[in-house]
1. Under a 5 Å amide H to amide H cut-off, with H placed in plane at 1.01 Å, what residues pair with residue 211 once short-range neighbours are removed?
2. For the stretch 3-329, with only Lys/Arg (+1) and Asp/Glu (-1) charged at the beta-carbon, what is the dipole magnitude about the Cα centre, in debye rounded to 20?
3. For the residue pair residue 161 and residue 319, what label-to-label distance in nm results when each label sits 7 Å from Cα along the Cα-to-beta-carbon direction?
4. When a/c reaches 1.5 or more, the comparison of a/b and b/c decides; with that in mind, is the stretch 49-125 rounded, prolate or oblate per its Cα gyration tensor?
5. With a 10 Å Cβ neighbour count serving as the proxy for reagent exposure, in which order, fewest first, do 114, 284, 156 appear?
6. How much length is gained if the chain between residue 75 and residue 234 is pulled fully straight, taking 0.36 nm per residue apart and subtracting their Cα-Cα distance, in nm to one decimal?
7. Which angle from 0 to 90°, rounded to the nearest 10, does the C-alpha axis of helix 130-161 make with the longest principal axis of the chain?
8. Tell me the label-point distance for the pair residue 169, residue 305, using the 7 Å Cα-to-Cβ offset, in nm and rounded to one decimal.
Amino acid sequence: MDTILILTILIVIFALAFDFINGFHDTANAIATSVSTRALTPRQAIILAATMNFIGALTFTGVAKTITKDIVDPFALENGPLIILAALTSAIAWNLITWYYGIPSSSSHAIIGSVAGAAISAAGVGILNYGGFLKILQSLILSPFLALGVGFIIMSIFRFIFKNANLYSTTRGFRMFQIVTAAFQAYTHGTNDAQKAMGIITMALIAGGYHATTDIPEWVRISAALAMGLGTAVGGWKIIKTVGGKIMKIRPINGAAADLSSALVILSATMFHLPVSTTHVISSAIMGVGAAQRVKGVKWGVARRIVLTWIITLPISALIAGFVYQILRLFF
């Protein structure tokens, strides 16, 4: 086998590994609130999330096409397979580090920063598709603020509607409703996050000369969906603990509001073919819900720690990817 074929095979394996890791890293965020409110047991939540993630991953391809063509032009990428392999290595490393420490960082930031960093290391800053790259950055930056606002509004509406309702009945009703919102949350996660690995694999196929368009091959869609579903089944209990309880004390009405808010924001981004960080969106929605109930009830110290990780992920993953690319050049 020639070098390009070997690198392309490695990229497919690494991209599916990234999707698998994304499954137990990011999907923990999608089911954290339903577990923390005891609407679902951990086992039930994971089965539900894995199923809905798989279905969501097969529904759309717009985000995958954005990843394929909007960071760099895959048709003009010299030494493309090596660049993409370096990017995946960097993103996987950063995801594992943050998972180990229970920090809900962004897989989206990690992979986008890594692709940009590896490409710049190989060909300089001119290699970036600035129009598409800035569009992606804008969606990553604005979506948490949007989720914060939507969470605040939906929780405020819930509080107004149910202000005179019996607390026991309200809690029981929202616990049942949260099963629906958790499923919706997991579905929207699949519609956005699973497509990032699809886009990376398609980019590698184009760069290696094995694919001629930005359309996502069917086998790529199915394999990425399966990888994320399996990753979800493994679970991410450390991050469930952080998102599900450390940001604020969550009751079923809070969890339902947060799930619904973040799912609406993620699905809206998917419809516009924009990649967003599900971690950012979910955590921000929880903060918005908490602020609507009681600003001091949000543990802003934990929130600041999460936000700091969001900020540093993109530049650190870019630097790691650039370094990895230079190392790989010595062997390929």
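1. 206
2. Value, rounded to 20: 1640 debye.
3. Simple spin-label model gives 4.7 nm for this pair.
4. On the way: a/c = 2.68, a/b = 1.28, b/c = 2.09.
Oblate shape, in that a/c is at least 1.5 and b/c is the bigger or equal ratio.
5. Numbers: 114 35, 284 29, 156 16.
Starting with the residue having the fewest Cβ neighbours, the order is 156, 284, 114.
6. Working: separation 159, 0.36 × 159 = 57.24 nm, distance 3.62 nm.
Between residue 75 and residue 234, full extension yields 53.6 nm more.
7. Between the helix axis and the principal axis of the chain, the angle is about 10 degrees.
8. 4.1
None of the figures in this text is laboratory data; all of them are computed from the coordinates on show. This structure is a prediction, so every number in the text was calculated from the model and none was measured. Heads up, the Cβs are rebuilt from the backbone with ideal geometry, glycines too, and the neighbour counts pull from every protein chain shown.
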